[in-house]
Amino acid sequence: MEAQESDDALMARFCRGDEAAFGVLYDRYAPQLEAFLRRLVRDQTLAEDLLQTTFLSFVRARGRYVATAGLRAWIFSIAANAGRDALRRRGARREDALGPEVGNIGGDVAVMSDPPMARAIEAALRQLPEEQREAVLLHKMHGLSFPEVASALGTTVGAAKVRAHRGYQRLKVLLAPLENS
Amino acid sequence: MSIDEATSGSGSALRRAREAALAELRRQPVAVPWRREAIRTVLAVLGTTALVLGVGGWVSIVEPGRLGERPLQVALLIALQSLGVFAAIAPGKGALRWTGALLAVVAVAAILFGRGAGLPRAIPAIACSGSHLAVDLIPLGLVLYSLRRFSWSLGRAALAGAAVAATGALAGELSCQRGWVHVLVHHVGAGLLIVAACVLISRTLRPQTFAP
């Protein structure tokens, strides 16, 4: 079986204008980024717009990429920045999303073996403060390591761990009734 | 199965994003390295400073002959302009930005301690603040243009503002003989206003990219 070309090798080709290299990177990251953005902004239409914004930024700013924390952290960082900016401009607050937008990410829960639990997790995630939600989403749901999470969120590894830990603690409290039942 | 693996988004959204990105790639096939962009901006800011000092000297507001009288302050301010702008644009490089912040503090201290009691002048003290702010306007425009190219961050914007304020500080070093209290109020104060303006204006501008 042929080994996958590394992100950095693809990135080097992409920086020289290679569309095929971009295509491989796009296929590798676009679905993950779309899922991340949907959970972050809790709005399907906005998430789709932000996916486009993320990839436009990816193309325009590829000269800024330095291969220290890795491409995955870098591209998630772009998406997180775009999402945060959109939420700030929209004046969105965590409380705004509770209730009416629950159905927006329903597609995700449909594929889990326990849909009620999946719905409860998604609803609990919405109740986390933005910083904690970002850390939990990146670490738990998208599998980024803590150094990658820290790089994506522009913070230290320690701070990323604290944010995620607080998020997990809060999720545990929020999900306790479901566990008991 | 992790819900992370679920990608329920519409195929059309993914296609649209891909097509838009490819169109952008065709518009600019070869990437511009960030170092080139940073060096270009540093040179533009330094060039503007030279122009300001040249014009100031020509109209006899600035005395370029004083360059030799305050070599430490002048060197620190030029270093602050160069490193500050470069570090504000550089991706990552937290250490470089901290170095720039430290340099700004050292430059301010050197300017204040280098003044002493100073000499009285006929023109009103507020004129110094006004001219400090005025000469910073073009460099401010240049760095704001560069800051738009990536995601906003407080540290970058503040450091870029400090580098811009060094232009007015340089002009002040070569034109103002007043004491340290005047410098603190009318020059450092004007510099802080520039830092605040850089932070606030860059925050409101919509960035061209969200890259870190």
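The values are calculated or read from the model by the stated rules, or taken from the named source; none is laboratory data. Being a predicted model, the structure only gives us computed values, none of them experimental. Positions of Cβ are backbone-derived with ideal geometry, glycine not excepted, and every protein chain shown enters the neighbour counts.
Per the conditions (1) at the interface with another protein chain (Cβ under 7 Å from one of its Cβ atoms); (2) assigned to a helix (DSSP H, G or I); (3) modelled with pLDDT under 80; (4) touching a helix residue (DSSP H, G or I) at 6+ places or on another chain (Cβ under 7 Å), the sole criterion not satisfied by A:G107 is (4).
Entry remark, region B:29-65: residues being in a helix (DSSP H, G or I) and touching a helix residue (DSSP H, G or I) at 6+ places or on another chain (Cβ under 7 Å) number 15 in total. From (1) in contact (Cβ under 8 Å) with a residue 12 or more places away in the chain; (2) surrounded by 20 or more Cβ atoms within 10 Å (Cβ to Cβ); (3) facing chain B (nearest Cβ under 7 Å), pick out the condition that doesn't hold for A:R60. Of (1) in contact (Cβ under 8 Å) with a residue 12 or more places away in the chain; (2) surrounded by 20 or more Cβ atoms within 10 Å (Cβ to Cβ); (3) facing chain B (nearest Cβ under 7 Å), only one is false for A:R60: (1). Comparison of B:R97, B:R148, B:R156 shows that the only residue that is in contact (Cβ under 8 Å) with a residue 60 or more places away in the chain, surrounded by fewer than 20 Cβ atoms within 10 Å (Cβ to Cβ), over 21 Å from B:V185 (Cα atoms) and of a type in the set (K, R) is B:R148. Note on region B:150-179: residues that are in contact with a strand residue (DSSP E or B) (Cβ under 6 Å, 6 or more places away or on another chain) and either of a type in the set (A, V, I, L, M) or at pLDDT 90 or above (or both) amount to 0. Taken over region A:11-23, the residue count meeting the criterion of being over 11 Å from A:R62 (Cβ atoms) and either touching a residue at least 24 places away in the same chain (Cβ under 8 Å) or of a type in the set (A, V, I, L, M, F, W, C) (or both) is 1. Considered as a group, the residues in region A:166-181 that are at pLDDT 90 or above and either among the basic types (K, R) or not in a helix (DSSP H, G or I) (or both) include one that is farthest from A:E134 (Cα to Cα), and that residue is A:R170.
Residues satisfying the criterion are present in region B:20-42 (criterion: closer than 30 Å to B:G141 by Cβ, surrounded by 12 or more Cβ atoms within 10 Å (Cβ to Cβ), facing chain A (nearest Cβ under 9 Å) and in contact (Cβ under 8 Å) with a residue 60 or more places away in the chain). Looking at A:L144, is it part of a helix (DSSP H, G or I) and touching a helix residue (DSSP H, G or I) at 6+ places or on another chain (Cβ under 8 Å)? Judged against the criteria, A:L144 is not a match.
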